[in-house]
Amino acid sequence: MNLSGNDVNSKNNIVNIQNQENEDGNSCSTDAVDVAKNVLELTNNEAKKFFLKAESYCNFELPPYFKFDQILADVDKVLSGKNLSDLRKHPPRDYNDLNYKIMNNKDGRYSWRPIQLIHPALYVSLIHKITNKENWKIICDRYCDLTKNPKIECISLPRLSFSGNSDKAEQIHHWWNKVEQRSIELALDFDHLTHTDITDCYSSIYTHSVAWALHDKSFMKAKENRTNQNLIGNIIDNHLQDMAHGQTNGIPQGSALMDFIAEIVLGYADMLLTKQIEDNEITDYKIIRYRDDYRIFVNNPRDGEKIVKYLTGVMIDLGLKLSAEKTTSTNEVVKGSIKSDKLFWMKQKQTEKSLQKHFLIIHDLSRTYPNSGSLVTGLEDYYHRLLKITKLHNSTIPLISIAADIAYKNPRTYPYIAAIISLLLTSINPENQKLIMVDKIRKKFSNIPNTGHLEVWLQRVTLGFKENYDYDEPLCQLVSGKTVNIWNTEWLNPQLQSIIDANKIVDEQSINVLSTIISVQEVDLFKSSFLYS
């Protein structure tokens with residue numbers, strides 16, 4: 001099972017990609033044989049299949065009974081050879097509830113990030129437009145132009161795996177090799193490292209900037225080009241506005257397609273930054289970018305300061321801004337190349353013979369480096385330790401309490417905490433005490449707004465012991481058999497309305513065979529989409 005709860009074999013819809021010739025469309029391809037390819041190394045038809053995969057559509061963590069393959073395939077079939085405008089009754093931007101949003105708490109307090117299930121009709125329509133043969137060539141060629149500077153290296157394009165691992169697993173492996181390990185290597189060449197990133201990148205992206213990136217800003221400022229609906233930049237811009245009630249600020253987060261669109265804008269920023277650096281005759285530098293995260297390597301610290309200044313100006317022109325809190329500089333390049341939470345965790349005693357003491361060590365990490373990748377790694381190790389224990393004696397309830405407290409301020413841990421709780425609950429008797437424990441966890445979180453993602457995973461826990469508990473989260477209500485509007489379809493014609501039925505995304509057969517314990521197959525890759533974000 002993959003992270004979004006879809007068939008892990010869905011990647012097999014694209015077979016032997018590395019051996020295919022590019023007869024069906026252009027790509028920004030290389031001859032190198034690898035275990036994965038970035039999306040621009042695919043032909044247009046391969047890219048279409050990649051984006052239509054359920055794993056690409058939903059790249060945040062949902063239990064395995066949420067499946068999106070069928071609904072995407074059905075919409076793809078109906079839209080094939082047609083424009084979405086021919087199958088609608090009203091303009092989609094007249095409605096403000098097209099995408100399904102689930103608020104993901106970033107810090108257990110006041111920082112929120114909406115993750116979205118894009119309306120399937122708009123999602124598939126946009127894929128069709130982007131992967132049209134001519135449009136795909138324009139995008140591939142333009143991105144190659146944007147990223148000509150070898151001194152600014154982007155390594156975050158979505159990747160298709162054909163190694164047997166999920167696409168997300170390959171993305172993480174790629175991060176480790178191309179960001180962390182490459183950064184350590186660069187300590188041989190550079191004496192100074194500046195680290196910065198963009199504040200709320202996805203929610204701040206100006207939709208018009210996609211057209212600027214693909215066709216150049218000066219070109220798009222001409223009136224005839226701003227209104228030219230044949231330009232792929234305008235097509236993407238219009239789809240993004242249709243998803244957001246006509247708003248031009250922000251793109252939805254939660255899919256490989258939107259990751260790709262963000263990369264187009266950030267690639268444009270790389271080109272603009274290159275010009276600024278060249279105009280000011282700075283030559284001794286290297287920049288590694290992973291999405292909105294920048295690592296700037298120099299030998300002269302003043303050059304690093306100047307590059308950050310130029311980058312700030314570039315971002316302002318695009319409606320984005322750098323995070324002052326996350327902008328740091330160091331002359332210890334090796335140490336600065338490794339995330340601080342990872343360095344901290346490497347120095348700590350990571351385990352104890354006592355289960356409770358071991359969990360308290362992880363709890364301390366959660367307080368020192370909340371929501372960190374190392375915390376998820378520690379929880380993964382703890383989960384695997386619990387799997388090997390046959391009897392927990394009387395320590396169960398204190399461990400559940402520690403688990404809930406970790407989750408309280410570390411929302412990215414919800415799936416692993418749910419898995420750990422599912423293990424701990426197996427030792428609680430009588431049966432009704434399990435629901436009492438779940439009730440106490442729900443009560444603990446009642447003071448935090450927007451905990452729908454937690455409820456999704458608590459429901460997975462209770463379904464494991466065959467209890468259909470009541471939850472407020474609409475996705476949970478959908479699983480319980482209630483009629484819920486996940487996506488508004490009023491604007492579509494009857495044919496598409498009948499196809500886009502939210503009940504299709506819940507697989508009853510998967511629910512019926514759920515194990516009491518959230519399995520290794522469900523949790524092994526939970527950390528992948530969060531670990532280095």
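The values are calculated or read from the model by the stated rules, or taken from the named source; none is laboratory data. Computed from a predicted model, the values in this text were never measured in an experiment. Note that each Cβ is placed from the backbone with ideal geometry, even for glycine, and that neighbours are counted across all protein chains shown. Accessible surface areas use protein heavy atoms only, side chains included; no ligands, DNA or RNA. Shrake-Rupley method; radii C 1.70, N 1.55, O 1.52, S 1.80 Å.
General remarks:
- Checked against (1) open to solvent by 10 Å² or more (accessible area, probe 1.4 Å); (2) polar (S, T, N, Q); (3) within 16 Å of Leu454 (Cβ to Cβ), Thr368 meets all criteria but (3).
- Yes/no for Ile361 being free of Cβ contacts under 8 Å to residues at least 24 places away in the same chain, surrounded by 14 or more Cβ atoms within 10 Å (Cβ to Cβ) and among the hydrophobic types (A, V, I, L, M, F, W, C): yes
- Qualifying helices (runs of 4 or more DSSP H) (wholly inside segment 112-189; at least 1 residues being hydroxyl-bearing (Ser, Thr, Tyr)): 120-130, 133-146, 182-185
- Segment 48-81 - residue that is at pLDDT below 95 and charged (D, E, K, R) and, of those, surrounded by the fewest Cβ atoms within 10 Å (Cβ to Cβ): Glu55
- Among (1) among the β-branched types (Val, Ile, Thr); (2) open to solvent by less than 10 Å² (accessible area, probe 1.4 Å); (3) within 30 Å of Thr274 (Cβ to Cβ) - the single one Ile172 does not satisfy: (2)
- Taken over segment 406-427, the criterion of being open to solvent by 20 Å² or more (accessible area, probe 1.4 Å) and not β-branched (Val, Ile, Thr) is satisfied by Tyr408, Lys409, Arg412, Ser427.
- Residue satisfying all of: in segment 444-461; touching a Cys at 6+ places or on another chain (Cβ under 7 Å) and closer than 14 Å to Ala407 by Cβ; least open to solvent (accessible area, probe 1.4 Å) among these: Val456
- Among the residues listed as Arg142, Arg159, the single one being open to solvent by 10 Å² or more (accessible area, probe 1.4 Å), at pLDDT below 95 and either closer than 29 Å to Lys286 by Cα or among the basic types (Lys, Arg) (or both): Arg159
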